[in-house]
Each structure stands twice: as C-alpha cells, then as structure tokens.
Amino acid sequence: MFAYIMRRLAVAIPTLLLLIVISFVLMHLAPGGPFSHERELPARVLANLNAKYGLDEPLWRQIVNYVYGIVVHFDFGPSFVYPDRTVNELLADGFPVTLTYGSLAFLAAVLVGVSLGVAAAIRHNSWLDYLAVGISIGAQVLPNFVMAPILVLIFTLWYRILPGGGWSFSDPSFWIMPVVALATSYMASIARITRSSMLEVLGSNHIRTARAKGMPEHRVILRHALKPAMLPVISYLGPVFVSMITGSVVIDLYFSTGGIGKAFVESALNRDYAVMMGVTILIGSLTILFNLVVDILYAWIDPKIRY
Amino acid sequence: MTKLFTTTALVAALALPTYAAQPAEGEKLAEDQSLSFWILDAIKSADPQLTSSRTDSDMIRQLFEGLMNEDETGAMIPGVAESHEISEDGLTYTFHLRDAKWSNGDPVTAGDFVYAWQRAVNPETASEYAWFMELMNIVNATAIVNGEKAPEELGAKAVDDKTLEVTLTKPTPYFLKTLSHSTTYPTPQKVIEEHGEAWTRAGNMVGNGAYVLKSHDLGVEAVLVKNDQYWDAENTIIDEVKFVTVNDQNTGLTRTLAGEIDWMNQLPAGQFPRLKEEHGDSVVAPPWACSYAYIFNLSDKGPEELKDLRVRQALSYAVDRDIIVDKILQGGQEPAYFWTHWAIEGFEAPEIEMAGWTQQERLEKAKALLAEAGYGPDNPLELTIQYNTSEDHKKLAIAVQQFWKAIGVNVTLNNYEWKVHIDRLNNQDFEVARYAWCGDYNEASTFLDYFRTDGYNQGKWSNAEYDKLLAEAATSENPAELYKQAEQILIGDMALAPAYHYSQPQYIEPSLRGAPLDNVMMSWYAKDMYRVAE
C-alpha cells in the first residue's frame with residue numbers, strides 16, 4: 001500500500017507539470033491580454049507593463065520562470081489585475097473561505113443525502129421512499145443559481161434574519177445560506193446514488209444469508225449492506241469534495257464570500273494569467289490528492305481490491 | 001486667448017470658498033452616520049497611481065485628496081490647494097497648499113505631489129494610467145513614460161513645502177478639471193518605501209483624505225472611518241463608509257432593499273420604472289457622462305460598403321433611438337444624435353438634421369440613400385454587428401438588427417467576451433461594433449478627442465478639418481463653438497451611429513443627503529454627505 005501511494009504521488013509531479021504547460025499555453029493563445037482595455041494603452045505603457053510582469057519574454061521562458069518560482073520559492077507570482085497583491089495572498093485570503101463553506105456543505109450533503117438514500121431503500125416503495133425521492137428530485141431541480149436568490153429573497157428580504165451576503169469567520173450566520181445553497185443539489189445526487197446502490201446490495205445473496213441466519217435488521221443494514229453500498233457513492237464524492245472546497249462561482253457571486261470559486265472564472269475573463277494558473281494548480285493538486293484518497297478508501301471498504 | 005488668461009491672472013491667488021454639504025435648517029441629524037455603498041467588483045487596487053478602475057476611484061477619493069475636489073454640481077473647488085495662479089501664457093500653474101496633514105500626522109507637502117506624479121509616469125511603476133499625466137500635458141511626461149528621460153525631469157516642482165509649480169507643454173483649458181482624478185493624488189513616499197506593494201493594506205495605509213482604511217476583506221467589504229487628521233474633519237459628518245461588494249446586480253438590489261446597503265448607484269437594467277413607482281424620490285436617474293454608439297470600421301480592413309457615406313447615413317437614420325431609450329433601457333437615458341454627452345459642462349448641443357425628423361422620415365431617407373448607393377431587395381447589404389457578452393448589449397444589438405432589417409440590411413450578430421471584443425476592436429477586426437465612452441473629465445474634448453486621427457478611434461475615421469478644430473479649441477476663448485462645429489463634421493460624415501447618452505439609475509436610502517446628483521462625472525465625496533433623522 002505504501003509503495004502504491006508513493007508511486008501515485010510520483011506520477012502526480014509530471015501530471016501537474018503537464019497541466020501547467022497546457023494551461024499556460026492555452027491561456028496565452030486566447031485573444032486579448034491582462035492589459036487590453038477599452039482605451040488601448042499607449043504602446044510604451046504596455047511595454048512597461050509587459051516588462052514588469054515578464055510577459056515580454058518568450059513563452060517557454062515564462063513557463064520555466066514560473067515553475068522555478070513555485071518550486072524554489074513557493075511563489076505563484078504577482079496578480080496582473082490586483083496590482084497590490086500576489087497570487088499567494090489572494091489564495092491565502094480566499095481559500096479558507098471556500099474551504100469552510102465547502103466542507104460544511106459537503107458534510108451536510110453527505111449526512112442528509114446518505115440518510116435519505118438509505119431510508120428510502122430500506123422502506124422501498126413506502127411513503128418514506130416516495131418522500132425521499134420527492135425531496136431529492138425537488139432538490140435536484142433547484143440548482144444553486146436558483147436556490148441562492150430564493151434563499152436571499154426569503155431570509156434577507158422578507159424575514160431579515162440572515163445577512164444577504166458577505167463573509168465573517170466569527171459569525172456563522174454568514175455561512176448558512178452559502179452552505180445550504182451549495183449542498184442542496186449535491187445532497188440530492190448523493191441520496192439517489194445511495195438509494196439505488198443500497199437497493200441493489202439489499203437484493204444480493206450475502207444479505208439474504210445474513211437475514212436467513214436471523215441477524216437483526218439494523219445490523220444487516222449497518223454491517224453488511226451499508227459498506228458495499230457506499231462504493232459508488234465514494235467514487236462520486238472524491239471529485240465532488242474537491243469541487244465543493246474549491247468553491248462555486250455561483251455561491252461566490254451571489255453571496256460575495258470573497259472565496260476563490262469566482263476568482264477562477266474572473267481571472268480567466270480578466271486574463272489574470274498568474275491568478276488563473278494559481279487556482280488551476282490548486283484545483284489540479286487537490287483533484288490528484290483526493291482521487292488517491294478515494295482509491296485508498298476503496299481498498300479499505302472492499303476487501304476484493306488490493307494494490 | 002489673451003483675455004482668458006488676463007482674467008485668470010486677475011483672480012489669481014483669490015482663495016475660492018470651500019464646500020461641504022451641511023444640513024439645512026430644521027434638518028435633524030441621524031444618530032447613525034454610516035454609509036454603505038454597493039460596488040459590483042472587488043477593489044482591484046487602493047493605490048491612486050496603480051488603479052485603473054472607476055470603482056477603485058470611488059474608494060480612493062475618500063482616502064486621499066488631490067489639489068482640487070468637485071462639488072455637487074461637478075464644479076472644481078479647492079482641495080489640498082487653497083488657491084492657484086496661472087501664468088500669462090497658460091503654461092505654468094502655481095498651487096498654494098493649505099496646512100493639511102496625512103493620517104499619521106505628517107504635513108502634506110508639495111513634495112508629496114511631486115513624488116506621486118513622478119511615480120505615475122515612472123516606467124518602473126508601469127501605471128496603466130500613466131497616459132493621464134500625458135493627457136494633462138505636463139512637461140516631459142511622455143518622454144519619461146517612454147523611458148527617454150528620468151522621472152525627476154517631470155514638469156512638476158516643489159518650490160517650497162507649500163508651493164507646487166506645474167509646467168505644461170501647451171495651454172490646456174481642461175487642466176484644472178484633471179486635478180480631482182485619483183492618478184493625481186499625493187502618496188506618502190515614506191510609507192510606500194517601508195511597506196512596498198503592501199502599503200495599501202489596512203493598518204499600513206496612510207492617506208490625506210477625509211477617511212482612513214480600517215479593514216479590507218477583498219471581494220467582501222472595505223470599511224473606512226473618519227480621519228481626525230483631515231483638515232476639514234470638523235465639518236465631516238458621515239463617520240463610517242463601507243464599500244460592499246455584491247457581484248450580482250440583482251442580489252445587490254435585494255440587499256439594498258433589505259436595508260444592508262444605503263446607496264446603489266447602478267440599478268439593474270429595466271428595473272427603474274418599477275422601483276421608481278415603489279420608492280419614489282429614493283430612485284433617481286441623473287445624467288452620467290458616457291455615450292453609447294455603434295462605430296463603423298472605416299480602416300483598410302473594414303468593409304468597402306461602409307466607406308460610402310450614404311450607407312452610413314442610412315444605417316444611422318434607421319436606428320430608432322426612442323425605442324432604445326423608452327422601451328429597452330427605461331432608465332432615464334436620452335436618445336443620442338451626436339457623440340458628446342449632452343450634460344457635459346459648457347457643451348452646446350449642435351443642430352443635427354436627423355434629430356428633427358420623425359422616425360418615419362428617417363426610414364424613408366434611409367431607404368432612398370441605400371437604393372442610391374446600389375442596394376436593394378436583389379442586392380441586400382450584409383453586415384455584422386459585434387458586441388461583448390452582456391444581456392443589455394445583446395438586447396440593443398437585436399433591436400438594431402431589426403431596425404436595419406426594416407431598410408433591407410441583413411445583419412449577423414457576433415458576440416464575444418469582453419477581452420476578445422476589445423482585442424478585435426483594437427485590431428480593426430470588425431464591421432460595426434458597439435462602443436461606449438465615458439468622459440475622463442467634465443469637458444467636451446474628452447469625448448471629441450476619441451475621434452481625432454491620433455485618438456483611440458478604433459474605426460479609424462479621419463478628418464483633417466475636425467483635427468484642426470480640436471487643436472484650435474485647446475487654446476480658444478470660446479471652445480464651445482468649435483466643439484459644436486466638430487460635432488457637426490463628425491455626424492455630417494457619420495463616423496458612428498450614436499445610440500444613447502447614459503444616465504445613472506440609482507437607489508439612495510431616504511435619510512441620506514448630499515449625493516452629487518448634478519455632477520455628470522458621478523464623483524462623490526462621503527465627507528459632503530450626511531444622514532437625517534427620520
């Protein structure tokens with residue numbers, strides 16, 4: 001297992017390098033640049049800016065310099081659009097925010113989603129099943145860009161009990177709406193996957209055996225059914241976790257949390273090359289890491305899997 | 001010319017009255033004197049010389065103060081400079097500074113202005129607004145930006161701590177109007193050298209404005225509190241100013257209506273009539289110095305068809321500006337038949353023939369002109385309109401497509417994201433494109449300069465007579481007349497199809513007073529505002 005993990009981590013390095021090179025090239029291929037404005041900058045001001053940010057060097061050299069900066073100084077460079085800030089600072093400011101509401105939303109989605117799914121499966125075709133399926137379909141058709149304004153309308157404009165946006169680490173009332181809005185549709189997907197996977201497991205031979213030998217139903221569910229039923233859920237959760245903790249454009253946009261979800265899209269539109277690279281690398285590394293975590297969890301849950 | 005400058009010389013050194021909105025008699029001040037202001041995007045930079053955004057400027061204007069300020073009508077009033085003199089030839093301006101202090105207690109000196117202005121043009125700073133110093137025509141600004149001269153050679157010198165002398169390359173009638181722009185604000189050398197780029201962080205930042213930065217959570221909110229060191233702190237009533245970022249306009253409106261935000265100066269399109277009805281006087285739409293137009297690509301890369309004046313006239317006539325303003329935008333905008341915003345100070349609207357016709361007459365003329373130019377049902381004119389991604393631009397482009405269809409022109413709409421739109425405009429890769437221009441200062445030349453042969457002028461229209469008129473206007477006693485003639489040439493040759501003049505539909509919390517609604521530049525100073533008890 002240890003050797004496997006080491007091997008996977010070793011492969012991660014060339015993967016990340018490839019990610020950097022491809023993103024870098026694609027980004028520079030896009031028309032326009034960080035300093036193209038409605039009022040075109042005088043050529044020499046543009047030249048001064050390009051010189052300041054090293055954009056006057058050949059592309060391969062920019063990539064080498066960039067990677068060198070990260071490896072040697074852990075320096076992701078200056079932002080081109082936020083001239084008083086570095087990418088390190090922007091990520092250090094924004095990531096804790098998305099990490100907070102993303103993890104909370106993840107926990108909420110998993111807890112509620114799995115419970116709903118399991119409840120629906122064990123009371124298959126009962127009112128509870130219909131209710132659970134109803135809720136999850138309802139939640140599914142309420143994507144976060146619909147949920148967010150509805151929540152703001154109800155809790156900010158009508159009842160005035162929750163702030164309509166902004167962020168504070170010390171005041172959880174700022175967290176509630178982002179978490180709920182982000183969690184809802186994921187929760188629905190988790191409930192559906194859990195339900196169908198659970199139904200399949202409940203119909204399998206080892207469950208029949210367990211029931212036949214007179215094992216109490218709650219033990220059958222918890223010991224024998226839940227674990228194998230979780231496999232498809234876990235493979236779904238790996239990438240979901242990464243996308244939740246790296247934030248959502250919609251959540252950041254509606255609730256002005258200052259998280260990095262919006263930074264990704266915004267930096268692409270602004271051609272803020274360094275910020276875009278920083279976020280790409282962050283998401284890329286987390287994706288690689290959590291794919292590995294999922295694979296390890298697999299091996300832990302399913303004795304048939306060995307590395 | 002001589003007359004203008006002798007008059008100015010006569011009033012030289014006369015201290016103009018200061019201005020701060022004060023509660024009228026009978027008005028009772030509210031307990032809570034805080035103001036929260038909506039901003040669409042995060043503050044990109046709080047550094048006066050590095051910023052290039054209007055949103056940033058709104059905050060920087062509270063944190064720093066330039067030589068001049070604007071009053072509620074947009075007129076220039078003394079800021080740090082108590083008075084000034086202009087030399088006979090109009091090339092030398094001498095400013096006398098008042099006893100003002102930085103927020104750390106240090107005196108604000110002429111040297112602070114010299115430092116800041118040199119910093120703006122220094123190639124090492126790479127300021128995106130370095131061109132503003134060139135626009136001000138300060139001696140050597142261009143050469144320094146080009147790296148040909150040292151920043152120390154800029155035509156701005158500290159004669160002593162309280163006297164600043166600025167020399168210009170040519171008489172510049174709008175020079176004083178540029179002095180409330182954030183690029184010209186003084187910055188504290190000591191603090192910048194101590195903290196580097198981090199000098200704008202709360203805690204590090206030292207300013208000379210009416211407020212100081214207390215905290216700044218990027219993309220969430222920035223909180224400013226009253227600066228006790230400010231020279232006019234005594235008359236400053238608002239004690240806290242918050243800039244709240246809400247990236248979505250509709251959510252911004254919801255939060256405004258929920259009472260979290262006091263002032264939203266850009267209401268979502270189409271919401272104005274409903275809000276006006278529901279909130280009455282809190283919802284207003286004063287003019288704002290920007291104009292919207294469709295520009296024609298007349299460069300070598302542009303289509304041959306557009307080089308025919310009759311075609312350009314037909315296209316411009318066919319645009320039904322009343323529909324655009326009354327049915328689509330519905331926010332107090334005005335139909336535009338010329339380029340310069342109608343509310344610009346000292347601007348006299350030219351007589352434009354098509355403005356007097358009915359839309360029916362315009363359509364008939366348009367059809368006749370197109371037929372004359374050789375286009376008809378068998379040989380329809382085909383064009384593309386380029387616009388950048390935005391619901392509003394899209395609505396307008398679709399409307400124009402329909403207007404032009406009515407005269408037999410087939411239009412294809414090309415939508416690009418902002419940066420691509422810009423790139424294509426700057427490289428003349430378009431046929432007809434939507435464009436908008438916002439004035440840099442409150443004088444017509446800021447609009448008209450755009451169409452000069454050496455202006456930004458992405459459509460590459462060029463007219464020697466027009467260039468000459470603008471050059472003359474720069475030193476003229478009566479520039480308004482010349483600007484009027486220039487507009488007539490511009491529209492006579494239909495370098496563009498003007499669409500509308502902007503307004504700024506906004507919501508202002510009922511207890512808030514002193515918002516500068518008569519200032520077309522929309523520059524506001526929290527120090528001039530206050531809240532009354534309800």
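Scanning chain A for helices, which whole DSSP H stretches are 24 Å or more long along the axis (Cα) and average -0.5 or more by Kyte-Doolittle? TM-like helix candidates: A:2-29, A:87-122, A:176-202, A:226-245, A:273-301. In terms of the Cα gyration tensor, with a ≥ b ≥ c the square roots of its eigenvalues, is the protein assembly as shown rounded because a/c is under 1.5, prolate because a/b exceeds b/c, or oblate? Prolate, because a/c is 1.5 or more and a/b exceeds b/c. Within 10 Å of the Cβ of each residue in A:139-149, the mean number of Cβ atoms contributed by other protein chains is 1. Kirkwood hydrodynamic radius of region B:94-177, from the reciprocal of the average inverse Cα-Cα distance over all distinct pairs: 13.3 Å.
For a straight C-alpha distance cut-off of 27 angstrom, the lysines reachable from residue B:327 (same-chain residues fewer than eight places away being disregarded) are B:276, B:365, B:367, B:394, B:395, B:405. Residues whose amide H lies under 5 Å from that of residue B:504, counting only those 5 or more places away or on a different chain, are B:288; hydrogens are built 1.01 Å from N in the peptide plane. Radius of gyration (Cα atoms) of region B:287-503, expressed as a multiple of 2.2 N^0.38 Å: 0.97.
Projecting the Cα atoms of B:504, B:316, B:220 onto the charge dipole of chain B, computed from C-beta unit charges around the Cα centre, puts B:316 farthest toward the positive end. Working note: Karplus 6.51/-1.76/1.60 with θ = phi - 60° gives region B:273-278 the couplings x, 5, 5, 4, 5, 7 Hz, where Gly and Pro are set to x. The overall shape of chain A, judged from the alpha-carbon gyration tensor, is oblate: a/c is not under 1.5, and a/b is no greater than b/c.
Computed from phi, the 3J(HN,Hα) profile of region B:454-460 under the Karplus parametrisation 6.51, -1.76, 1.60 (θ = phi - 60°) reads 9, x, 5, 5, 5, x, 6 Hz, with x in place of Gly and Pro. Taking a straight line from the alpha carbon of residue A:52, these lysines sit under 24 Å away, with near neighbours fewer than eight places off in the same chain left out: B:44, B:149, B:190, B:419.
Classify region B:244-320 from the C-alpha gyration tensor, please: rounded if a/c falls under 1.5, else prolate or oblate depending on whether a/b exceeds b/c.
On the way: a/c = 4.15, a/b = 2.64, b/c = 1.57.
Prolate shape, in that a/c is at least 1.5 and a/b is the bigger ratio.
Taken one residue at a time, the phi angles of region B:282-290 give Karplus couplings (6.51, -1.76, 1.60, θ = phi - 60°) of 6, 10, 9, 9, x, x, 9, 5, 9 Hz. Gly and Pro are set to x.
For chain B, the Kirkwood estimate of hydrodynamic radius, built from reciprocal distances between every pair of different alpha carbons, is 24.7 Å. In a reduced charge model with +1 at each Lys and Arg Cβ and -1 at each Asp and Glu Cβ, region A:149-276 shows a dipole moment near 780 debye about its Cα centre. For peptide B:49-55, the mean count of partner chain Cβ atoms within 10 Å of a residue's Cβ comes to 2.
Using only helices, what value at 222 nm comes out for chain A when you add -39,500 (n - 2.57) per DSSP H run of length 4 or more and divide by the total residues, to the nearest 500 deg cm²/dmol? Provide the component values of the computation, followed by the final result.
Working: 12 runs with 213 residues, N = 307.
So the calculated ellipticity at 222 nm is -23500 deg cm²/dmol.
Relative to the longest principal axis of chain B, what angle (0 to 90°, nearest 10) does the C-alpha long axis of helix B:110-121 take? The angle comes out near 30 degrees. Taking every alpha-carbon pair under 8 Å whose residues sit at least 6 apart, region B:287-503 reaches a relative contact order of 40 percent. Normalised by the number of residues in region B:157-264, the mean separation of alpha-carbon contacts (under 8 Å, six or more apart) gives a relative contact order of 13 percent.
Averaged over the residues of A:80-87, the number of partner chain Cβ atoms lying within 10 Å of the residue Cβ comes to 6.
Bear in mind these aren't lab numbers, they're just calculated from the coordinates by the rules spelled out. This is a predicted model, so every value here is computed, not measured. Every residue, glycine among them, receives a Cβ derived from its backbone with ideal geometry; neighbour counts consider all protein chains shown.
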